[in-house]
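Novice: Handing you this structure, nothing more for now.
The values are calculated or read from the model by the stated rules, or taken from the named source; none is laboratory data. Here the structure is a predicted model, which means the values were calculated and not measured. Please note: Cβ atoms are built from the backbone with ideal geometry, for glycine as well, and neighbour counts cover all protein chains shown. Surface accessibility is based on the protein's heavy atoms, side chains included, excluding ligands, DNA and RNA. Shrake-Rupley method; radii C 1.70, N 1.55, O 1.52, S 1.80 Å.
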Amino acid sequence: MRVAIIGQGYVGLPLAVAAAEAGHTVVGIDVDTKRVALLNHGTSPVSDISDSSLTAVIASGNYQASNSFAAVSTADVVCICVPTPLDAAGAPDLSALEAALEGVGANLGSSALVILESTISPGTTRGLASSILSAVSRHSDFELVYSPERIDPANKKWNVKNTPKLVAGLTEEGTARAVHFYSSFVETVTSASSVEVIETAKLLENSFRFVNISFINELAVFCSKMGIDVREVIDAAATKPYGFMPFYPSAGVGGHCIPVDPAYLVAKAREVGAPTRFIDLANEVNLSMPSFFAGKAEGMLGSLSGKKILVVGVAYKPDVSDVRETPASGLIKVLRSAGAVVSWHDHLVLEWNGESSVPLASDYDLVVLVNPHSSVDLSVLDGVPVLNTRGGI
Ligand SMILES: NC(=O)c1ccc[n+]([C@@H]2O[C@H](COP(=O)([O-])OP(=O)(O)OC[C@H]3O[C@@H](n4cnc5c(N)ncnc54)[C@H](O)[C@@H]3O)[C@@H](O)[C@H]2O)c1
């Protein structure tokens, strides 16, 4: 099939490469001209896609990147994978999605299958997306489908091919066409009865993580006060073979999904007058974690004023270079406002907020582990007290 994939980031690029490897002719469309040039040069900006796999699909003739939406006009399938972040007020920001839909609609050919993969609030496919495409496109015979992306960057086990895919279209024909397309490179494709079911399922998946992470963070505070190792507690509970799933403590949630997606559920819930008390409370608990750890640092050092503190791992999770919504940000802010002299080390991030990663060294009063990467060698810290936000007393 001829496939156009709008947005070549953490979601769109792995999807484009998987589709190209399956033999489809793929054009990856992105508004970022620098990114398009890099991609066509065989340089991957996404850690889950190696330069060699990108170069291989370019060489096969099955992949190219472009700034132009022109390839949409001949595409059998158009997938939309653009960002759906929050605005400054914490509300869903659909501006990139609206722009992408307008670009797609203006170029859509006859009988195209349009699939939204971006995370959205329930009702957005049938409402906003359908109405923009209908208003802008010359053709009314398109099929519109929602299929949420579940990619987990840096996950070595689960990838585009073996992570089950959910699909639902506005019509049965759309659903069937999407199942056929994804089945050419995804092992398990499951359809649902309506787009609203899987729009909500996607938000349930990440809100479930959000709420459970915050519950474990609250338990970590309790364990700390009791002098009990929370990791040992979780590992002990996880020996139960049913009815329990381990989550681990942290300085808070980060990344493009877990802190963001619940806000999409909340926005819709407010609209329809449904309560979201668990999500609201989870947010409150997570936002309190930097202050909790600053308090722990004070417990270890006394006043933080003038104390040299090294924060290790500022990405939103170990083994990625993505700093979006990282909990390190809030923690560093709280430590600095208490007078500490804070530096940070992250060999995957290197530059962040106009600051640079510093080398690991032993001349600090305290090291705070936020999201240390698996390859980091902490033995250099030799004798420096360590505060581990990921567990331990
Ligand atoms: N990153 C993840 O782990 C993950 C997982 C599941 C779902 N999602 C969801 O997938 C969607 C995409 O996220 P991402 O992490 O890939 O974002 P990203 O920022 O990594 O990539 C998005 C790309 O889209 C491009 N873009 C922005 N507006 C555009 C437009 N109008 N037309 C064409 N290109 C445009 C950007 O330049 C960027 O390269 C979001 O809705 C996100 O919530 C992300």
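Novice: Where the accessible area of the chain is counted over protein heavy atoms with a 1.4 Å probe, how much of it, in %, is carbon and sulfur?
Specialist: 56 percent
Novice: Kirkwood hydrodynamic radius of the range 2-193 from all distinct Cα pairs, in Å? Numbers along the way, then the final one.
Specialist: Working: mean 1/r = 0.0605 Å⁻¹.
Value: 16.5 Å, from the Cα pair sum.
Novice: How much length, in nm to one decimal, is gained on full extension between Asp280 and Ser362, taken as 0.36 nm per residue of separation minus their Cα-Cα distance?
Specialist: Numbers: separation 82, 0.36 × 82 = 29.52 nm, distance 4.02 nm.
Here the segment from Asp280 to Ser362 would lengthen by 25.5 nm.
Novice: Suppose we keep just the DSSP beta bridges with both residues in the chain; what percent of those would be antiparallel, to 5?
Specialist: 10 percent
Novice: Report the antiparallel proportion of the DSSP beta bridges in the range 205-388 as a percent, rounded to a multiple of 5. Could you put the intermediate results ahead of the total?
Specialist: Numbers: 2 of 14 bridges.
Within the range 205-388, antiparallel bridges account for around 15 percent of the total.
Novice: How far apart, in nm, are two points set 7 Å out from the Cα along the Cα-to-Cβ line at Met300 and at Asn40?
Specialist: Placing both labels 7 Å beyond Cα along the Cβ direction yields 5.0 nm.
Novice: If you take the square roots of the eigenvalues of the alpha-carbon gyration tensor of the range 36-92 and sort them as a ≥ b ≥ c, do you get rounded (a/c under 1.5), prolate (a/b over b/c) or oblate?
Specialist: Oblate.
Novice: So, one more: Please compute the modelled spin-label separation between Val272 and Ser50, points set 7 Å along Cα→Cβ, answer in nm with one decimal.
Specialist: Inter-label distance under the simple model: 4.5 nm.
Novice: Quickly rank 342-350, 6-14, 19-27 as a protection proxy: mean count of other C-beta atoms within 10 Å, highest first.
Specialist: For the peptides 342-350, 6-14, 19-27, the packing ranking is 6-14, 19-27, 342-350.
Novice: Which value, in nm² and rounded to one decimal, describes the direction-averaged projected area of the C-alpha convex hull of the range 267-393? Intermediate values should be presented prior to the final figure.
Specialist: On the way: hull surface 36.6 nm².
Mean projected area of the Cα convex hull: 9.1 nm².
Novice: Accessible area per residue of the chain at 1.4 Å probe, in Å²? List each step's numbers first, then the result.
Specialist: Values: 17410 Å² over 393 residues.
That works out to 44 Å² per residue.
Novice: Using the Kyte-Doolittle scale, which helices in the chain average at least -1.0 and also have C-alpha atoms spread 27 Å or more along the helix axis, with helices defined as whole DSSP H runs? Walk me through the numbers on the way to the answer.
Specialist: Working: long enough: 195-226 (46 Å, 0.66); 277-301 (36 Å, 0.31).
Qualifying helices: 195-226, 277-301.
Novice: Apply the a/c threshold of 1.5 to the C-alpha gyration tensor of the chain and tell me whether it is rounded, prolate or oblate.
Specialist: It is prolate, given that a/c is not under 1.5 and a/b is the larger ratio.
Novice: Distance between the C-alpha centers of the range 366-388 and the range 209-252? Whole Å please.
Specialist: 21 Å
Novice: Then there's this: Please give the length that would be gained between Tyr242 and Asp377 if that part of the chain were fully extended, namely 0.36 nm times their separation in residues minus their C-alpha to C-alpha distance (nm, one decimal).
Specialist: Between Tyr242 and Asp377, full extension yields 45.0 nm more.
Novice: Now, a different point. Please give, to one decimal in nm, the separation of the simple spin-label points placed at Thr171 and Asp229, each 7 Å out from Cα toward the Cβ.
Specialist: Placing both labels 7 Å beyond Cα along the Cβ direction yields 6.1 nm.
Novice: Pull out the extension gain between Asp141 and Ser337, defined as 0.36 nm times the separation in residues minus the alpha carbon to alpha carbon distance; nm, one decimal.
Specialist: My answer for the length gained is 64.8 nm.
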